[in-house]
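Right, one structure below, let's go through it.
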Amino acid sequence: MGNHSTIIKDVGQLVEWLAKGEKPAVDWRIGTEHEKFLFHRDSLRPVAYDGDSGVEAMLHALCKVIGDNATPIIEKGKIIGLKDGDGGSVSLEPGGQLELSGAPLLNLHQTCAETGRHLRHMRAVSSALGVGMLGIGFQPKWRRDDISWMPKGRYRIMRNHMPKVGTMGLDMMLRSCTVQVNLDYADEADMRRKFRTSLALQPIATALFANSPFKDGKPSGWLSGRAHVWTDTDNARCGVPACVFDPHFGYEQWIDYILDVPMYFLHRGEDYVDVAGKSFRDYLAGTLAGFEGEPPQMADFEDHITTAFPEVRLKQYLEMRGADSGSWANICALPAYWVGLLYCDEALAEAEDLVRDINADDVMAARLSVAKDGLRGKLGAHDVATLAKKTIDIASKGLRNRGIFDDGGDDESGFLQPLRKVIATQKTPAEVMLDLYHGDWAEDIDQVFTSNQY
């Protein structure tokens, strides 16, 4: 990542920072992140930070379960996460959702093993405290006011700013959960191909993984309530950056986009200074109000880039951000989908051809279409269900071409099985749940917590 204290003198340094993410194909890795809701098993209520069975107690207990390799992450005397000693970390989302940010791993067999190890550790801790873990994209029952805010300084600033720029930002923070995968690129041209293709196809992933049809204890009318809230969180930092569809798109255009994303905060020691809505361009020019003449450091930019929330984000790797959290198998299926499409030259070329006629406006419209209708949505002139099947076929080929086998002789394409089932049944996880809700569950929302518990 370079020296965090390096003074930024010009945009060229930021372009160079992105270029430092380039890796030859042999060094490409897979990093998977997944969030889950915590709830008290007796009451189903969300878990607060404090208390004998609160998030704080869980994080301390998780450190003990992991053992000597675990290192707690402390902010102002409070534990807010931990490093697991295997290259991954557990972090705390605004409403008490816990996230595993996985290590950069070589293959999907390792990725799924990491997921299993983490969830087993979490089950050991949560069971002892009477806590359950829910794998779903949006809180199905509890309202914003029922959910406690976690003690992280950046969240206080975001919490104050969100209602000024959108109607659903606080829902995103408190009531949503996602699974995402982080992937590498070889050079600027490879980044461009992968970014454009994955951004164009992000609505397909949203549809395939749609798993959040409930809100406030009843069906919301959206198959992905998580995707819906992102459409009015903060349009200055979310959605579909049109620059990615420019044929000459590269690092410099991306830096221009990021510099136009309004700031949230500056991190100084353990404190977060509120600069919400102000301009990083002004900071770079030495004219940021209150910080005149103080040049930004690389650490400030690295913080700032994490506050842009488009459907695909470029840091020193590409992050696919368009999927609901879901079942254990789906946590493994999401990276399998994108690795299959993007980490094989033949597959990437086929995926590019599939979406060659798609533009930024098509993707913006499709975000709403798939959030509401899933596989019945539209992406440009394409039916989502048809595109989804084609992408899964391409991803399967890409994973088979990688030829990476586990001890039982299976390649990575087996991790796509949950998606093949979605295509075969033409039912997203959300629609399977809705059928149960209106059928066997007799419209009892509490059944969601049992059915979707890890």
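Values in this text are rule-based calculations from the coordinates and carry no lab data. Because the structure is a prediction, the values reported are computed rather than measured. Ideal geometry is used to build each Cβ from the backbone, glycine not excepted, and the neighbour counts take in all protein chains shown.
Reported to the nearest whole Å, the Cα centre-to-centre distance from segment 153-195 to segment 12-49 is 10. When each of CYS63, CYS243, CYS238 is scored by the number of other beta-carbon atoms lying within 10 Å, the sequence from fewest to most is CYS243, CYS63, CYS238.
Were the residues from ASN235 through ASP345 laid out at 0.36 nm apart, the gain over their Cα-Cα distance would be 36.3 nm. Radius of gyration (Cα atoms) of segment 298-364, expressed as a multiple of 2.2 N^0.38 Å: 1.35.
Across segment 304-380, the relative contact order, built from alpha-carbon pairs under 8 Å that are at least six residues apart, equals 14 percent. Mean residue ellipticity at 222 nm, helices only, the chain: -13500 deg cm²/dmol; runs of at least 4 DSSP H residues each add -39,500 (n - 2.57), and the sum is divided by the number of residues. For the pair ASN160 and ILE74, the difference between a 0.36 nm per residue extended length and the Cα-Cα distance amounts to 28.7 nm.
Between VAL15 and GLU352, full extension at 0.36 nm per residue minus the direct alpha carbon distance yields a gain of 118.8 nm. Of all DSSP-defined beta bridges confined to the chain, some 95% are antiparallel rather than parallel.
Put simply, the Cα atoms of segment 123-270 extend 52, 40, 34 Å along their principal axes, the longest span coming first. In this structure the amide hydrogen of LEU105, modeled in the peptide plane, comes within under 5 Å of the amide hydrogens of ILE30, GLY31, none closer than 5 places in sequence on its chain. Here the simple spin-label model places points 7 Å from the Cα toward Cβ, and for HIS267 and SER43 these points are separated by 3.4 nm.
Calculated on the Cα set of segment 203-277, radius of gyration then Dmax: 17.1, 47 Å.
Calculated translational diffusion coefficient of segment 345-384 (37 °C, 0.692 mPa s; Stokes-Einstein with Kirkwood radius over alpha-carbon pairs) equals 308 µm²/s. In this structure the amide hydrogen of ILE73, modeled in the peptide plane, comes within under 5 Å of the amide hydrogens of ILE80, GLY81, LEU82, LYS83, none closer than 5 places in sequence on its chain. With R₀ set to 30 Å, the beta-carbon distance separating LYS218 from LYS421 gives a calculated FRET efficiency near 0.70.
By the beta-carbon count within 10 Å of each Cβ, the least crowded to most crowded order of HIS382, HIS34, HIS4, fewest first, is HIS4, HIS382, HIS34. If R0 is taken as 51 Å, the Cβ-Cβ distance between HIS4 and ASP383 corresponds to a FRET efficiency of 0.60. Taking every alpha-carbon pair under 8 Å whose residues sit at least 6 apart, segment 313-454 reaches a relative contact order of 25 percent.
Distance distribution P(r), segment 1-115, all Cα-Cα pairs, bin width 5 angstrom from 0: 2, 9, 15, 16, 15, 15, 12, 7, 4, 2, 0, 0 percent. Mean sequence separation of contacting Cα pairs (under 8 Å, at least six apart), scaled by the length of the chain, corresponds to a relative contact order of 20 percent. In plain terms, the residue of VAL384, VAL181, VAL65 with the fewest other Cβ atoms within 10 Å comes first and the most crowded comes last, giving VAL65, VAL384, VAL181. A Förster radius of 60 Å, combined with the Cβ-Cβ distance separating ALA276 from ASP407, puts the computed FRET efficiency at roughly 0.75.
Applying a 4.7 Å cutoff between beta carbons, the unpaired cysteines of the chain are CYS63, CYS177, CYS238, CYS243, CYS344.
Packing around the peptides 100-106, 157-163, taken as the average count of other Cβ atoms within 10 Å per residue, puts them in this order, highest first: 100-106, 157-163. Dipole of segment 11-451 computed with +1 at Lys/Arg Cβ and -1 at Asp/Glu Cβ about the Cα centre; of GLY67, PHE209, LEU334, farthest Cα towards the positive end is PHE209. Residues in segment 370-381 carry Karplus couplings, in order, of 6, 4, 8, 10, x, 5, 8, x, 10, 10, x, 8 Hz; the curve used is 6.51 cos²θ - 1.76 cosθ + 1.60 with θ = phi - 60°, and Gly or Pro positions show x.
Look at where the Cα atoms of segment 241-302 and of segment 58-136 average out, and the two centres are 30 Å apart. Dividing the Cα radius of gyration of segment 100-175 by its Kirkwood radius returns 1.06 for Rg/Rh. Shape analysis of segment 11-451 based on the Cα gyration tensor places the equivalent ellipsoid semi-axes at 29, 29, 22 Å, largest first.
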